[in-house]
Amino acid sequence: MVGKQIINNVQEILIPKVKTWWHRRNLLSKKRWTKEDPEGLMNPLWERDYELLPYEGLFAEYLEMVLQFGFITIFVAACPLAPLFALLNNWVEIRLDAQKFVCEYRRPVVERAQGIGIWFNILEVITHLAVISNAFLIAFTCDFLPRLYYQYTRASNLQGYVDFTLAYAPKSFVLENNATCRYRAYREQSGRYSLVYWNLLAIRLGFIIVFEHVVFFIARLIDMMVPDIPETVAIKVKREQYLAKQALAENKALVEAIEPASMAQQQGP
């Protein structure tokens, strides 16, 4: 993830500058500058803006942020430092994008939008996958649940826990090599899974179900508690709607008052 971020930042510095240089070179080859202003520095602002690169949209910017969000949320249990690297990257990214959109690209045409579109649904899907992925990582890769199981079934002080997690090698291996071997697994000496393995498997699957339900419940609770539109904005929207209705009513009353007078003038002597 860090390597991809560094490569993207270098590309965002070099590629726009190369494109801008090539674009201006093509324009200079097509246009004859006057002797007083060979570089076109006295041209109007809109002409200088036209010499910049055409605006290509925000698809690449959204894609970069969504990929970063996926890396952070899905693999955060495996790499806890990922959010820190993402924060540092975004701090640099803000300045790079500001320089790129102000100095390298033309001003984009403003368009009204209700939200970020399909990207919001993509982020929701990534969030659900991240919760499930982290639940599996916690359940199957750490000793949290085996330790808890041992505390409640064997010894609360975890005495003998390491011996509990080791299985004996099969008898054939011991007779052949004349040595006792133990390895980390929950198996009987015959090689079959022991009852402890199946108990832990059931506990882990149960933990995954409980974990993701609790996280989704908390997320839904926060979503219900935080309004989509802030109260101050909602009040201003209602005020604008009220003023619009009032202006429409006043306009209608004015038209009704003017129409009889105009009809009377038309029917005059």
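The values are calculated or read from the model by the stated rules, or taken from the named source; none is laboratory data. In this text the structure is predicted, and so the values were computed from the model without any measurement. Counting neighbours? That spans all protein chains shown, and the Cβs are built from the backbone with ideal geometry, glycine included. Please note that ligands, DNA and RNA were not included when accessible areas were found on the heavy atoms of the full protein model with its side chains. Shrake-Rupley method; radii C 1.70, N 1.55, O 1.52, S 1.80 Å.
Okay, here's what the table says:
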| item | result |
| --- | --- |
| The stretch 203-254, residues that are touching a helix residue (DSSP H, G or I) at 6+ places or on another chain (Cβ under 8 Å) and either among the acidic types (Asp, Glu) or touching a residue at least 24 places away in the same chain (Cβ under 8 Å) (or both) | Ile203, Arg204, Leu205, Phe207, Ile208, Phe211, Glu212, Val215, Phe216, Ala219 |
| Top-ranked residue in the stretch 133-147 [being open to solvent by less than 70 Å² (accessible area, probe 1.4 Å) and without any contact (Cβ under 8 Å) to a residue 24 or more places away in the chain; ranked as nearest to the chain's Cα centre (by Cα)] | Cys142 |
| Residue in the stretch 122-129 that is touching a Lys or Arg at 6+ places or on another chain (Cβ under 9 Å), open to solvent by less than 60 Å² (accessible area, probe 1.4 Å) and within 30 Å of Leu67 (Cβ to Cβ) present | no |
| Qualifying residue in the stretch 134-146 (condition: part of a helix (DSSP H, G or I) and farther than 30 Å from Arg192 by Cα) | no |
| The stretch 104-132, residues that are in contact (Cβ under 8 Å) with a residue 24 or more places away in the chain and closer than 27 Å to Leu53 by Cα | Glu104, Tyr105, Arg106, Arg107, Pro108, Val109, Ile116, Trp119 |
| Any hit, the stretch 48-55, residues being open to solvent by 70 Å² or more (accessible area, probe 1.4 Å), part of a loop (DSSP other than H, G, I, E, B) and either modelled with pLDDT under 85 or over 26 Å from Ile138 (Cβ atoms) (or both) | yes |
| Subset of the stretch 84-115 [part of a helix (DSSP H, G or I), open to solvent by 50 Å² or more (accessible area, probe 1.4 Å) and farther than 24 Å from Lys17 by Cα] | Leu84, Phe85, Leu87 |
| Positions within the stretch 180-199 being closer than 12 Å to Tyr168 by Cβ and touching a Phe, Trp or Tyr at 6+ places or on another chain (Cβ under 9 Å), in sequence order | Thr180, Cys181, Arg182, Tyr183, Ala185, Tyr186, Arg187, Glu188, Gln189, Ser194 |
| Conditions (1) open to solvent by 90 Å² or more (accessible area, probe 1.4 Å); (2) touching a residue at least 24 places away in the same chain (Cβ under 8 Å); (3) over 30 Å from Leu52 (Cβ atoms): number failed by Thr180 | (2) |
| In the stretch 66-75, residue farthest from Pro108 (Cα to Cα) [restricted to those that are in contact with a Leu (Cβ under 9 Å, 6 or more places away or on another chain) and open to solvent by 50 Å² or more (accessible area, probe 1.4 Å)] | Phe75 |
